[in-house]
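Report on one structure; see the data block that follows.
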Amino acid sequence: MRQTFTKMHGLGNDFVILDGRALSLPAITDACAAALADRTRGIGCDQLIVLESSDAADFRMRIFNADGGEVEACGNASRAVAILHGAAATVETGGGVIALSPAADGKGATVDMGVPKFAWEEIPLDYAMDTAAMPVSWGSLDNPVAVNVGNPHVVFFVENTDAIALETLGPEIEHDPLFPARVNVNVASVQDGAIRLRVWERGVGETRACGTGACATAIAAMKRGLVGRKVDVTLPGGTLQIEWDAQDRIQMSGPATTSFTGSFEWDDYL
């Protein structure tokens, strides 16, 4: 059976999107997702996004990282899906129901990412501790903030993000037993009221952009009084605007675009 797909990206964080809302798709295993995401033998992407019907929202979005593991949330993919859908919508994700709203010019979107979680068991951590100033360290990285914005993040504030050996420390922290669901690792610096950010994404590696990472880092900086309630977060792929609104909900705004469309045979990947 031949399947159409749309390839999109948000600030260089790229996705293969399969639309199964009108026509059900075959069961997608971790191995199938990883094969489609493979940049040498598959289509290639950071995340495979599968849209399905939902009883809890306008539709459901499932998210598979490049290693095939299914995760709860993806901010950049949410903006891409908003543009692909073409209208405001509520979307069921593994991290809860979010709201999407494409920009009038069709080049960007705003996503209501919901209310951040800070309790240690909500991150989750393996044991109780203060998530606003965690008494732990890995190499040159210490005293992080932990926050769940649909998926788990740990945020380190440093003087120079480029000086951090994220390719070494990222996987070490991601797989530390302290994080039973693994964790996304963010290293950030605050300069002139804005944030510069690098992200090691669980199941992907260092990425050009991570929407939930930008949200988590902005919230962590706000919690520590380093920035105001609205801030620009610049990643290697570009800049996102993050606001923590009066209802304590996270509003993320930024661009996304279609790269190309295509099709494949399911028998090649199942």
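The values are calculated or read from the model by the stated rules, or taken from the named source; none is laboratory data. Bear in mind the structure is a predicted one, so any value in this text is a computation, not a measurement. Note that we place each Cβ from the backbone using ideal geometry, even for glycine, and neighbour counts take in every protein chain shown.
Of the residues making up the range 107-158, those that are small (G, A, S), outside any strand (DSSP E or B) and over 17 Å from the mean Cα position of the chain (by Cα) are A119, A128, A132, A133, G139, S140. Residues that are farther than 27 Å from N148 by Cβ and at pLDDT 95 or above do not occur anywhere in the range 53-67. Residues that are part of a loop (DSSP other than H, G, I, E, B), at pLDDT 95 or above, touching a strand residue (DSSP E or B) at 6+ places or on another chain (Cβ under 9 Å) and crowded, with 23+ Cβ neighbours inside 10 Å are absent from the range 80-89 altogether. Can A99 be described as crowded, with 17+ Cβ neighbours inside 10 Å, part of a helix (DSSP H, G or I) and of a type in the set (G, A, S)? No.
Restricted to the range 3-71, the set of strands (runs of 3 or more DSSP E) holding at least 2 residues that are touching a residue at least 40 places away in the same chain (Cβ under 8 Å) and under 19 Å from G94 (Cβ atoms) comprises 13-19.
Figure legend. Inter-residue proximity from the range 87-110: first residues closer than 27 Å to E122 by Cα, second residues of a type in the set (K, R), beta-carbon distance below 6 Å, spacing 6+ or different chains. Indicated pairs: E92/R60.
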